[in-house]
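What follows is one structure encoded as structure tokens, with my remarks underneath.
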Amino acid sequence: QQATVQLGKIGIQAIINTMGVSVSAAFAVVNRIDDYAYTPEQNIAHGMTAMMAQNKGAGRDDRVIKGFKAGEIIYGIFIFFVCFVFARPLMKLFTSDTEVIRHGVIYLKLISIMYILPAITNGIQGYFRGIGDLKITLLSSFINMGVRVLAAIPLVFALGMGIEALPFSYLAGWIGMLIAEVPLLIKNY
């Protein structure tokens, strides 16, 4: 699963590299901020894996749903607020170049609005890991990264969008991931 994610990141980076030095630098900075935003989300999902597995095994589906809602959704809302409101100061932690900051703020404000989606998808993946169905997590990660790269190509090269194309391509990837995961979650449940 992680290899799939890294291959997708390589594809996105190849597209970014065509946009110039300022955009590439801004993307490098926002990736550091994204890493800080996503790491707690991923750790919450890992913790949810054990909790969901135990409660699923005990027949306590009510706790599985409660844990999902409390764990990821609240953090997704929190990190949206932090990255949206503090986009410029966050960028200034890493660079003083005004052009890089401008590109980074555009990216952070757009992507922060969408942070609730990876919170949801991480929670769903935590559930499937918890019940031992890793095929679904691999499939959904492959769909997410594939759709991201495929969506970024026309947004950047045909529509001429800059760094703002990436949050929209990520949105497409997360939606693709949810389209794959949610019916399987409903079926499994």
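The values are calculated or read from the model by the stated rules, or taken from the named source; none is laboratory data. Since we're looking at a predicted model, the values are computed, not measured. Every residue, glycine among them, receives a Cβ derived from its backbone with ideal geometry; neighbour counts consider all protein chains shown. All accessible areas refer to the heavy atoms of the entire protein, side chains included, with ligands and DNA or RNA removed. Shrake-Rupley method; radii C 1.70, N 1.55, O 1.52, S 1.80 Å.
Structure above, values below:
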{"read-out": "Hey, Y38 of a type outside the set (G, A, S) and in contact with a Gly (Cβ under 6 Å, 6 or more places away or on another chain) or not", "value": "no"}
{"read-out": "Output for the stretch 129-161, where each listed residue is under 13 Å from E181 (Cβ atoms) and out of contact with any helix residue (DSSP H, G or I) (no Cβ under 8 Å at 6 or more places or on another chain)", "value": "K135"}
{"read-out": "The listed residue being closer than 19 Å to S24 by Cβ, open to solvent by less than 30 Å² (accessible area, probe 1.4 Å) and touching a residue at least 24 places away in the same chain (Cβ under 8 Å), out of I153, I163, I136, I106", "value": "I163"}
{"read-out": "Hits in the stretch 139-150 (condition: within 30 Å of R63 (Cα to Cα) and open to solvent by less than 20 Å² (accessible area, probe 1.4 Å))", "value": "S140, S141, N144"}
{"read-out": "Failed item, numbered, when I16 is tested on (1) within 22 Å of A180 (Cα to Cα); (2) modelled with pLDDT of 80 or more", "value": "(1)"}
{"read-out": "Yes/no for I106 being part of a helix (DSSP H, G or I), more than 17 Å from A165 (Cα to Cα) and in contact with a helix residue (DSSP H, G or I) (Cβ under 9 Å, 6 or more places away or on another chain)", "value": "no"}
{"read-out": "Candidate set from the stretch 137-168 (those that are under 24 Å from G126 (Cβ atoms) and not hydrophobic (A, V, I, L, M, F, W, C)); member that is modelled with the lowest pLDDT", "value": "T137"}
{"read-out": "Residue match in the stretch 112-120 (condition: under 19 Å from I179 (Cα atoms), open to solvent by 70 Å² or more (accessible area, probe 1.4 Å) and in contact (Cβ under 8 Å) with a residue 40 or more places away in the chain)", "value": "no"}
{"read-out": "The stretch 174-189: number of residues that are crowded, with 17+ Cβ neighbours inside 10 Å, touching a residue at least 40 places away in the same chain (Cβ under 8 Å) and either at positive phi or not hydrophobic (A, V, I, L, M, F, W, C) (or both)", "value": "1"}
